[in-house]
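Below you'll find the structure, written out as structure tokens, and then a few comments.
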């Protein structure tokens, strides 16, 4: 149980807040590159700040404060040019560092433009996503996690705008036992009308124990089911949480893009590899809308991730942690809160937090071990509750085709 002040310290993300200042020490994913194909500008909101994303006529991305410092017109409706973006209202031109280059209605001898600068943040493209660094000083290294950059993979990005604080989604990632209840027991109930099998048994193995290891990138979550030994990959390897807001599980990343205190753009980033099959390089990684509600407004609980979203959304926009009652099985999320508090204190002392790197050793592809089949989707059976096989995913049929080709290449089918 937290105090109101402790809960706000963990959840508030705006400039000057302890949590917001911590999150600004990391490169933050905030949009999908595919969304900037037809139109070169887009309004975005990141860490409580309204911004305009654009691509200039040289192909370079830029991210500036949405409202022009002249008369407050939205630059998200501006016109990209060779050197930046021009405001549609009076033609002021800004480059991607926020410098004002032109003020067409002013005298050609005026020095006024040199006194004008708008907020601008650096942008990089990685893995089909846009990332920005909104903190002070020189940006750290943008980490090239394997699912984002490894060749011979088939990728897609599902997007969901959720009316919840980002921490509710992340705490779910440090909570192994919810799987046997929300997804196994409750999922079985939704499908069969009962939480137990016909013989009265449990629909899947129960947890025997859970474990958590702090790493240089965040936390590795481990579980051991009844009837399994400690050599099982789910215990010996587990799967990682990349601090502060990314989960790696199975053949996907769950990325919690932090919009503001009460909204999270959730991305499910599928990254599939198939043994013995060469995947043509994707010119653009496709994105799609991943719904969490049915057309009638009720929660859609078909896919496993949708069940998680129901649990997050029903907690409210910002979960009231002053009235919760945590037990021993909640030690993963208690650990995450402890790490959050420790890293906020490090930032307050002027230090880099966990997972921030500036050395050449972290410039290349970062491979992190993972339990289960992980990156090889050819070993994963059909599962309609999987995000990788959901009916909205544009690569769903390609996944099936490449899986069959992989099985044939291995002599299995």
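For this structure, a couple of remarks:
- Among the residues listed as 404, 349, the single one being at pLDDT below 95 and in the same structural domain as residue 149 (by TED's automatic domain parsing): 404
- Hits in the stretch 336-361 - residues which are part of a helix (DSSP H, G or I) and either loosely packed, with under 11 Cβ neighbours inside 10 Å or touching a strand residue (DSSP E or B) at 6+ places or on another chain (Cβ under 9 Å) (or both): 336, 339, 360, 361
- Looking at 333, 326, 301, 305, just one residue is surrounded by 12 or more Cβ atoms within 10 Å (Cβ to Cβ), within 23 Å of the chain's Cα centre (by Cα) and assigned to a loop (DSSP other than H, G, I, E, B), and that residue is 301.
- Members of the stretch 79-96 found to be assigned to a loop (DSSP other than H, G, I, E, B), under 32 Å from the mean Cα position of the chain (by Cα) and more than 15 Å from residue 59 (Cα to Cα), listed by number: 87
- Some residue of the stretch 71-83 being surrounded by 21 or more Cβ atoms within 10 Å (Cβ to Cβ), in contact with a strand residue (DSSP E or B) (Cβ under 6 Å, 6 or more places away or on another chain) and either modelled with pLDDT under 95 or not assigned by TED's automatic domain parsing to the domain that holds residue 317 (or both): yes
- Residue satisfying all of: in the stretch 376-396; surrounded by fewer than 20 Cβ atoms within 10 Å (Cβ to Cβ) and touching a strand residue (DSSP E or B) at 6+ places or on another chain (Cβ under 7 Å); modelled with the lowest pLDDT among these: 376
- Among the residues of the stretch 55-66, the ones that are within 20 Å of residue 135 (Cα to Cα) and either at pLDDT below 95 or out of contact with any helix residue (DSSP H, G or I) (no Cβ under 7 Å at 6 or more places or on another chain) (or both) come to 4 in all.
- Wholly within the stretch 129-244, helices (runs of 4 or more DSSP H) carrying at least 3 residues that are under 30 Å from residue 65 (Cα atoms) and touching a strand residue (DSSP E or B) at 6+ places or on another chain (Cβ under 8 Å): 166-173
The values are calculated or read from the model by the stated rules, or taken from the named source; none is laboratory data. Computed from a predicted model, the values in this text were never measured in an experiment. Ideal geometry is used to build each Cβ from the backbone, glycine not excepted, and the neighbour counts take in all protein chains shown.
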